[in-house]
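Data block below; observations after.
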Amino acid sequence: MSDSELLYEIKDGVGWVTLNRPQARNALTFAMYEGLAEICSTVPTDGSVKCLVVIGAGEKAFAAGTDMTQFRGFSTEQDALDYEHKMDVVLGAIEACRVPTIAAISQACTGGGAGIAAACDIRIATADLKFGFPIARTLGNCLSIANLSRLSQLMGFGRVKEIIFTARLVGAEEAKAAGLISEIVDDHSALVARAGELAETLKGHAPITLRTTKEGLRRLRVEGAKADDRDLVVAAYMSEDFKEGLEAFLGKRKPEWKGR
């Protein structure tokens, strides 16, 4: 991967990750996937990074899936299994990232790009959003069960089946009505501004509350309602932040979160 294909910059406690191949509608190389997973897996919890924003370069795409030229080398069953395993690892790393993640989506968000967006915590999009997995009319491949599970939780089992079967792309209004995205903005400049505003809001909230909620919801999706949450409950209630929040509330002042 060229260093310029995946940009990462920390500004005022917010990590901005840019998928930077606008000439290819930000189609992802395997190295870009791995780089994104590495960023999400190693993000510090010392307060230096309190939120991640993932965005595509330019106005025409968040990411138009995987760079298809990389599939030409597939020749064995193991090639296919390894690819889907790689995707599960990457999307799992995004979902399990220890700080909140925001997908700021402009226009095309398809295939692997749609998978990345679905693995983020909050999704906002421009009015010209086109979201989906048109693989039934393009590559003829499939999604892993882990990927299908994540999408079904967001959009509903029936809608996921329908959009994959018909290979159609979901627009912004439908995506918002389905709960896939939370906000629609007019254009790319408004998208960047709104993502920054959301990141600022998240920066001011209790990081342990956000972290344990993220992990609890991940376990709920994967393991069901009987998933063990005792470590999460203890981590929150025994934290310095909980004591600080309690005293700040009773003292009618703003809490000073430390993330521990």
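Where a number appears in this text, it was derived from the coordinates with a stated rule and is not lab data. In this text, all values refer to a predicted model and were calculated from it rather than measured experimentally. Note: ideal-geometry Cβ built from the backbone for every residue, glycine included; neighbour counts use all protein chains shown.
Computed from Cα atoms, the angle from the helix 77-95 axis to the main principal axis of the chain rounds to 30 degrees.
Only DSSP H runs of four or more residues enter the estimate; each adds -39500 (n - 2.57), and after division by the residues of the chain the mean residue ellipticity at 222 nm equals -14500 deg cm²/dmol. Evaluating 6.51 cos²θ - 1.76 cosθ + 1.60 at θ = phi - 60° for every residue in the range 232-246, the Karplus couplings come out as 6, 4, 5, 4, 6, 6, 9, 7, 4, 5, 5, 4, 5, x, 5 Hz, glycine and proline recorded as x.
Pairs exceeding 21 Å between alpha-carbon atoms, taken from K214/K258; K11/K50; K203/K258; K203/K243; K50/K86: K50/K86. Put in line by how crowded their Cβ is, counting other Cβ atoms within 10 Å and starting with the fewest, Y33, Y83, Y8 read Y8, Y83, Y33. Averaging Cα coordinates gives a centre for the range 34-77 and one for the range 195-260; these two points are 26 Å apart. Residue separation of K60 and Q153 scaled by 0.36 nm, minus their Cα-Cα distance, works out to 30.8 nm of gained length.
Assuming charge only on the beta carbon of Lys and Arg (+1) and of Asp and Glu (-1), the dipole of the chain about its Cα centre is about 520 debye to the nearest 20. Going from the fewest other Cβ atoms within 10 Å to the most, the residues F165, F74 appear in the order F165, F74. The calculated FRET efficiency for E162 paired with R219, based on their beta-carbon distance and R0 = 35 Å, is about 0.80. Unpaired cysteine residues in the chain (no second Cys Cβ under 4.7 Å): C51, C109, C120, C142.
Computed on the chain, with alpha-carbon pairs under 8 angstrom and 6+ residues apart, the relative contact order is 17 percent. Counting other Cβ atoms within 10 Å as a rough exposure proxy, the listed residues L143, L19 run L143, L19 from fewest neighbours to most.
Extension gain, M238 to Q78: 0.36 nm times the residue separation minus the Cα-Cα distance gives 53.0 nm.
Computed from the alpha carbon positions, the gyration tensor of the range 60-160 leads to an equivalent ellipsoid with semi-axes of 22, 16, 13 Å, biggest first.
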